[in-house]
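Enquirer: Pasting in a structure now, in structure tokens, and then I'll have a few things to ask.
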Amino acid sequence: KLHPSLCRASQQRRVLSMASGPTVMPTHGHPRRPLAALLLAGASWSTHASLTSPLRGGSSVSTAAMASANRTASASAALAGVFGHPSPTEVYPTYSDFTLWLVEEFDAPLDLDTDPIWTWSDGGLREGQVRFEKEAIKFEGGKMMIEASINDKTGPQPETCSHAESEPFTPKTLRSGEMRTRHNMFRYGRYEVRMRAPTVQTGNTTVNGNYISTMFAFRDGKFKHWREIDIEVTGDTQSSVTMNVLNAENTDAWRPDIQSSKKFDAKGQNVRADFHTYAFEWLPSGITWYFDGEKVGEHLPADVLPIPELSTKIMMNLWIFNWLYGFGGREGKNNQYPMHNEYDWFRFYKWNFDSKYPCADGSTSCLTVDDMYLTSNNPCDGIPQTGTRNGWHPCTTTCKSR
């Protein structure tokens, strides 16, 4: 039985382009007339009623009504097969050879324990000061916010076992969050996010500090196949963006030789004061990064590291480097907590020539045993920890609702 959100997407895929299309049966429940058919029928009725109305100005009213109804019908028809929570009235951009597959507008809170696509991480980075927790991910005012705050040891503490890291992982000095997709089911396509970086001191976006605000594709678990494509906005200046590719086998920890990085300075922009659109296109032939629609970097087959070829999870997080502040900004002493980044929306466009990922119905039906290796994200996601790490079974813990 599909989750209601997937049912909605399943029903939308059945939208027909003509109002005269037949009634269709959704995956469960009662027969329903296709949404586009109903909208088009409504537009037709509105036009007929206005054109035959004796009221003066009827034709003018009908033109506006018809245009509005047609726009709504076109937008709804374009969302057939789109997963997540797209806006029914938004006309989304189109790109040659790509099809919109997943949208999050963050207009309403997501339940990260029950959503069919998204969940949360209970992990963190060894070189970071933060431990990820669900409570640090907030949905307010049509945005998703991830908040970094001091862990003063009061209140509920994270478990000492991390499913996301597949190892014991103690609480750290800071709390923060990471929203991620449940499964390794995203590969070639266009990834877009509209994001605003943190202000390290309230009311002053010019003060530099230390943070890494991200959107990226990441193969989980990394211990077997580490594959990663990053966009990282950092706290060293008002306009710093780092773009990374990582590719390694059987690696527990980061090393310089598994990463290829490129820097971009968005001169004249303050990425803490304003939202900006960050994107990358990932293809077998290369990776291209964009800032506000302009190409700012690429990774090609001639580069030292191979182009990642395995399916990944989509992740968004906020973290702080360790007290040495070796990455993310040297002026971490300026950080004042809590601080947060903001996400206005996220979109994934599937590359039309990837015949395998994502699974066509949004399920796990196309995933391999390798795709499911040590892929649990947290103790509440219901995903088994399948596999061993260096011959050892990973730690596990039980879900505790808060």
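The values are calculated or read from the model by the stated rules, or taken from the named source; none is laboratory data. Predicted model, so just to flag it, every value in this text is computed and none were measured. Using ideal geometry, Cβ is built from the backbone for each residue, glycine included, and neighbour counts are taken over all protein chains shown. Just so you know, the surface numbers come from the protein's heavy atoms only, side chains and all, with ligands and any DNA or RNA stripped out. Shrake-Rupley method; radii C 1.70, N 1.55, O 1.52, S 1.80 Å.
Enquirer: Provide a single number: the residues in region 259-302 that are on the phi > 0 side of the Ramachandran plot, of a type in the set (Gly, Ala, Ser) and part of a loop (DSSP other than H, G, I, E, B).
Expert: Counting residues in region 259-302 that are on the phi > 0 side of the Ramachandran plot, of a type in the set (Gly, Ala, Ser) and part of a loop (DSSP other than H, G, I, E, B) gives 2.
Enquirer: Could you check region 374-392 and list, in sequence order, the residues that are in contact with a strand residue (DSSP E or B) (Cβ under 8 Å, 6 or more places away or on another chain) and within 21 Å of GLU249 (Cα to Cα)?
Expert: Passing the criteria: LEU374, THR375, ASN377, THR386, GLY387, ARG389.
Enquirer: Could you list all residues from region 188-224 that are closer than 18 Å to THR242 by Cβ, open to solvent by less than 10 Å² (accessible area, probe 1.4 Å) and outside any strand (DSSP E or B)?
Expert: Hits for region 188-224 are ALA197, PRO198, VAL200, GLY209, ASN210, TYR211.
Yes or no, residue by residue, for (1) of a type in the set (S, T, N, Q); (2) within 18 Å of the chain's Cα centre (by Cα); (3) open to solvent by 50 Å² or more (accessible area, probe 1.4 Å):
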site: PHE327; (1), (2), (3): no, no, yes
site: ARG330; (1), (2), (3): no, no, yes
site: MET339; (1), (2), (3): no, no, no
site: ASP344; (1), (2), (3): no, yes, no
site: ASP371; (1), (2), (3): no, no, no
site: SER376; (1), (2), (3): yes, yes, no
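Enquirer: Restricting attention to region 90-129, and to residues there that are open to solvent by 50 Å² or more (accessible area, probe 1.4 Å) and closer than 30 Å to TYR325 by Cα, which single residue is modelled with the highest pLDDT?
Expert: Within region 90-129, the match that is modelled with the highest pLDDT is GLU127.
Enquirer: From the residues in region 225-267 that are in contact with a strand residue (DSSP E or B) (Cβ under 9 Å, 6 or more places away or on another chain), among the hydrophobic types (A, V, I, L, M, F, W, C) and within 22 Å of SER166 (Cβ to Cβ), which one is most open to solvent (accessible area, probe 1.4 Å)?
Expert: Among them, the one singled out is TRP254.
Enquirer: Now for a different question. Within region 130-154, track down each residue that is among the β-branched types (Val, Ile, Thr), surrounded by fewer than 24 Cβ atoms within 10 Å (Cβ to Cβ) and in contact (Cβ under 8 Å) with a residue 60 or more places away in the chain.
Expert: Across region 130-154, the qualifying residue is only ILE150.
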